[in-house]
Amino acid sequence: MNNRYSNKDVNVYAWFREASEKGDAYAQFNLALMYKRGRGVNRNDDAAFIWMRLSALQGIAFAQNHLGAMYYNGTGTKPDDTEAIFWFRMAARQGDASAQQNLGLMYRKGRGVPRSDATALTWFCRAAEQGVASAQALLGEAYAQGLGTKRNFQLALAWFRKAALQGDATAQLNLGLMYRRGHGVLQSDTQAVAWYRQAAAQGMAAAQRHLGVAYAEGRGVAVDLERACSWLRRAAEQGDTDAQFNLGVMLSNGYGTRKDDVLAFDWYRRAATAGHMLAQYNLGGMYAQGRGVARDPAEALVWYRRAADQGAANAQFNVGVIYANGRGVPKDDARAVAWYRNAAEQGDASAQNNLGVMYANGHGVPRNDAEAVRWYRKAAEQGHPLAQYNLGGMYAGGRGVERDPVLSYMWISLAAEAGDETACNNRKLIERKLTREEIGSAELMTRRWRDAHRA
């Protein structure tokens, strides 16, 4: 035994040890805790497990719940969900609230038993009615999300409030989110921030992130980018990937802090490595542009591809551009088309325009003017200037559509108004070939399109 323990702890250990060896169940439980926590004796999970099991076998509910947790976590024994369920159930049936909550979690996760949100709800309810704040928070989540029951924001709000007033950080955050979204309560960003702040003060990373975003966007508080950075940094340092991404954005743009691409790159990398899609996309951009890191087209492709594989349309578009231009990889028009199509089908206007270009020129696909027009139109209707110019060119030449100088003038005018210099020059050339009536008709169509797409 080590002299770093107080004499009191050593004496308590000795008393519990003697009583435990005589078969006292409560002494066995307490002795197990001393081994588990390293109080009065060197920490020893194996010994803790032995004494906890002896106490549990004598029917002590506290010990049964702790033993279940030891099987669940593999503390002092091999992980065994079936044994964990058995002991949690034994304690839960005796009314142990912590065991009831743990049993509910096993059913929610489907560990050791078939997954059942309804059964989980039953056990959460029993623990919550005994006043266990964490169980009340879990019950609130079940009602908020409709897990094992019909969604009921009023009941969710009531249980979140009970737990939040007991200081449960998860409930405080969720209560803030209820106010933010107006679920079961009058929407109030001010109230949302008040609850975020309580959870954030307890060190909860997600609450710190939400509070940081609130300061960045001025929701419920005055805009304060320095405070936004401060809260985002606290959450990011705890491993919150959304906070790491947002902090990267702040550093990359110099919002509330000194602009620092090297630090921005580091935070993006941390989030990206953990699988954060937007961070992966931004990290690809940093490699592509040589911001915060040496320019590396091959690494840019790696990270764009990871985001693209998760369904990020802008990343899919960039992967297409890389293959179309042969940046860091052999030029491959067929692959470019495939990636453009993935993004285009998600509504990415730049990808739709580029896919139109590939069809118009027969790059990576057989030339097909009608398909080119179809994709140009999709992008043009979203206000993409280059697609509007390209669509205008198709109408001017009668490619994929019937030749129509008036429609050509309309689409090229829209591109010109958006600042496309080539469209400005070509509009003047087309205008010389149109009658005054045709120009008037095209201008009317242009105004109507603008009015219809003003939003």
*asked:* Condition first: over 24 Å from R89 (Cβ atoms), small (G, A, S) and assigned to a helix (DSSP H, G or I). Now tell me which residues in segment 142-152 satisfy that.
replied: A144
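Hey, among the residues in segment 100-123 that are charged (D, E, K, R) and touching a Gly at 6+ places or on another chain (Cβ under 9 Å), which one's nearest to R151 (Cα to Cα)?
D117
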*Does segment 341-353 contain at least one residue that is touching a residue at least 60 places away in the same chain (Cβ under 8 Å), assigned to a loop (DSSP other than H, G, I, E, B) and either touching a helix residue (DSSP H, G or I) at 6+ places or on another chain (Cβ under 8 Å) or crowded, with 24+ Cβ neighbours inside 10 Å (or both)?*
no
_Tally, over segment 117-141, of residues that are within 18 Å of G68 (Cβ to Cβ) and either of a type in the set (S, T, Y) or not in a helix (DSSP H, G or I) (or both)_ = 5
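To keep it simple, each residue is scored yes or no on (1) at pLDDT below 95; (2) at negative phi; (3) buried (at least 24 other Cβ atoms within 10 Å of the Cβ); (4) not hydroxyl-bearing (S, T, Y).
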position: V10; (1), (2), (3), (4): yes, yes, no, yes
position: S20; (1), (2), (3), (4): no, yes, no, no
position: G23; (1), (2), (3), (4): no, no, no, yes
position: G40; (1), (2), (3), (4): yes, no, no, yes
position: A61; (1), (2), (3), (4): no, yes, no, yes
position: M90; (1), (2), (3), (4): no, yes, no, yes
position: N102; (1), (2), (3), (4): no, yes, yes, yes
position: A120; (1), (2), (3), (4): no, yes, yes, yes
*Residues of segment 218-237 being assigned to a loop (DSSP other than H, G, I, E, B) and either at negative phi or surrounded by fewer than 17 Cβ atoms within 10 Å (Cβ to Cβ) (or both), which ones?*
G218, R219, V221, A222, V223, D224
*Residue check for A201: of a type in the set (G, A, S), surrounded by fewer than 20 Cβ atoms within 10 Å (Cβ to Cβ) and either without any contact (Cβ under 8 Å) to a residue 12 or more places away in the chain or under 30 Å from A99 (Cα atoms) (or both)*: yes
*Can you name the residue in segment 86-111 that is out of contact with any helix residue (DSSP H, G or I) (no Cβ under 8 Å at 6 or more places or on another chain) and in a helix (DSSP H, G or I) and, of all such residues, is farthest from E141 (Cα to Cα)?*
R93
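Please state which one of L211, L155 is more than 24 Å from L225 (Cβ to Cβ) and assigned to a helix (DSSP H, G or I).
L155
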*Scan segment 396-409 residue by residue and report those that are touching a residue at least 12 places away in the same chain (Cβ under 8 Å) and surrounded by fewer than 24 Cβ atoms within 10 Å (Cβ to Cβ).*
A396, R399, G400, V401, P405, V406, L407
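Given the criterion touching a Lys or Arg at 6+ places or on another chain (Cβ under 9 Å) and under 27 Å from R448 (Cα atoms), identify the matching residue among A360, A379, A344.
One residue alone meets the criteria, A344.
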*Confirm whether A423 is modelled with pLDDT of 95 or more and in a helix (DSSP H, G or I).*
no
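The values are calculated or read from the model by the stated rules, or taken from the named source; none is laboratory data. Keep in mind it's a predicted model, so treat the numbers as computed, not measured. Note: ideal-geometry Cβ built from the backbone for every residue, glycine included; neighbour counts use all protein chains shown.
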